[in-house]
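The structure under discussion appears below in the form of C-alpha cells.
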Amino acid sequence: MSDEDARRWDARHGAVDAVGPLPPDALRGRLDLLPSGGLALDVACGRGAVSRWLAERGFVVDAVDVSPVALATVAEVEGVRAVRADLDLGLPPVCAGPYDVVVCQRFRDPALYPTFVERLAPGGLLVVTVLSEVDDEPGPFRAPAGELEGAFAGLDVLLQREVDGEAHIVARAVRADPASSARAP
Ligand SMILES: C[S@@+](CC[C@H](N)C(=O)[O-])C[C@H]1O[C@@H](n2cnc3c(N)ncnc32)[C@H](O)[C@@H]1O
C-alpha cells in the first residue's frame, strides 16, 4: 500500500468513534455456527468492532490492519493482540494460527483467500463479507458473482449469499477423517 493510501485510512479511522462490539455481518442470525472459543483472526479489523465482540466471547484474537490509528483502539481490548501489517504483502508470519475462526469483513484481496484456508484449524470457521457486483455496479473493489463460492469450494460451505452489493460466506475447514489416518501404515 502506498504511504498516501495508509494516511487516508488513518484519517478515516481518526474521524469516527470506535463502534461495536458487533458480530460479523455474515453470521447475523446464525451465531450458533461460532465455535465456543479458541484463537481468532480478524483480517483488516479497522477499529475492531468484530475483534471486541470475539474477545467478549472468550476468543483470543489477532487483529490485523495497516492503520495505527485503528489499531490503537483495538490494542486496548483484553484478549486482543493488535498486529500492524500491510496485507498487500500477505498475512504476516506472526499470524500463523491455526485459527478456530478467521473473519475478513469489507476488505477484499483474492490473493489472500488461499492463506485464509491454510491458517484455519481443522474444523475452524471462515467468515467473509466483501462488496459484490451482484445488484450493484462492477468495480475494482467488488467481487464478481461466485467469487467466494469458487475460492472456498474446498471447505464445507454452511452459508452463502450474494445480494444488494454484498457477498457473504461462512464455511468450515474439513476435519481430517480419523478412519483414514487409522488405515495409514
Ligand atoms: C472498510 S474497512 C473494514 C474494517 C472492518 N473489517 C469492518 O468490517 O468494520 C477496511 C479496512 O482495511 C484496512 N486496510 C486497507 N488496506 C489494507 C492493507 N493493504 N493492509 C492492511 N489493512 C488494510 C483499512 O485500514 C480498514 O481498516
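The values are calculated or read from the model by the stated rules, or taken from the named source; none is laboratory data. As the structure is a prediction and not an experimental result, all values here were calculated from the model. Glycine also receives a Cβ, built like all others from the backbone with ideal geometry; neighbour counts cover every protein chain displayed.
From (1) within 11 Å of the ligand (Cβ to nearest atom); (2) hydrophobic (A, V, I, L, M, F, W, C); (3) assigned to a strand (DSSP E or B), pick out the condition that doesn't hold for Trp9.
(3)
Collect the residues in the stretch 32-62 that are over 14 Å from the mean Cα position of the chain (by Cα), of a type in the set (Gly, Ala, Ser) and either part of a loop (DSSP other than H, G, I, E, B) or under 14 Å from Arg119 (Cβ atoms) (or both), keeping them in residue-number order.
Matches in the stretch 32-62: Ser36, Gly37, Gly38, Gly58.
Only residues that are touching a residue at least 60 places away in the same chain (Cβ under 8 Å) and within 16 Å of Ala167 (Cα to Cα): list them for the stretch 113-144, please.
Those that are touching a residue at least 60 places away in the same chain (Cβ under 8 Å) and within 16 Å of Ala167 (Cα to Cα): Val127, Val128, Thr129.
Can you name the residue in the stretch 64-79 that is under 13 Å from Val43 (Cα atoms) and of a type in the set (A, V, I, L, M) and is also nearest to the ligand (Cβ to nearest atom) among such residues?
Going residue by residue through the stretch 64-79, those that are under 13 Å from Val43 (Cα atoms) are 64-67, 70-71, 74.
After this cut, where a residue has to be of a type in the set (A, V, I, L, M) as well, the list is 64, 66, 70-71, 74.
On the way: Val64: 7, Val66: 3, Ala70: 5, Leu71: 9, Val74: 10 Å.
Looking at residues that are under 13 Å from Val43 (Cα atoms) and of a type in the set (A, V, I, L, M), I get Val66.
Which residues, counting only those in the stretch 12-28, are basic (Lys, Arg) and within 11 Å of the ligand (Cβ to nearest atom)?
Within the stretch 12-28, just Arg12 meets the criteria.
Give just the number: which of (1) within 14 Å of the ligand (Cβ to nearest atom); (2) in a loop (DSSP other than H, G, I, E, B); (3) buried (at least 17 other Cβ atoms within 10 Å of the Cβ) does Gly97 not satisfy?
Of (1) within 14 Å of the ligand (Cβ to nearest atom); (2) in a loop (DSSP other than H, G, I, E, B); (3) buried (at least 17 other Cβ atoms within 10 Å of the Cβ), only one is false for Gly97: (1).
Going through the stretch 138-162 one residue at a time, which ones are among the hydrophobic types (A, V, I, L, M, F, W, C) and in contact with a strand residue (DSSP E or B) (Cβ under 8 Å, 6 or more places away or on another chain)?
Residues satisfying the conditions are Phe141, Ala143, Ala145, Leu148, Phe152, Leu155, Val157, Leu158, Leu159.
Here is a check on your reading of the model: is Leu31 at pLDDT 85 or above, away from the ligand (no atom under 13 Å from the Cβ) and within 24 Å of Ala121 (Cβ to Cβ)?
yes
Of the residues that sit in the stretch 89-134 and are touching a helix residue (DSSP H, G or I) at 6+ places or on another chain (Cβ under 9 Å) and at positive phi, which one is modelled with the lowest pLDDT?
Top of the filtered list is Gly97.
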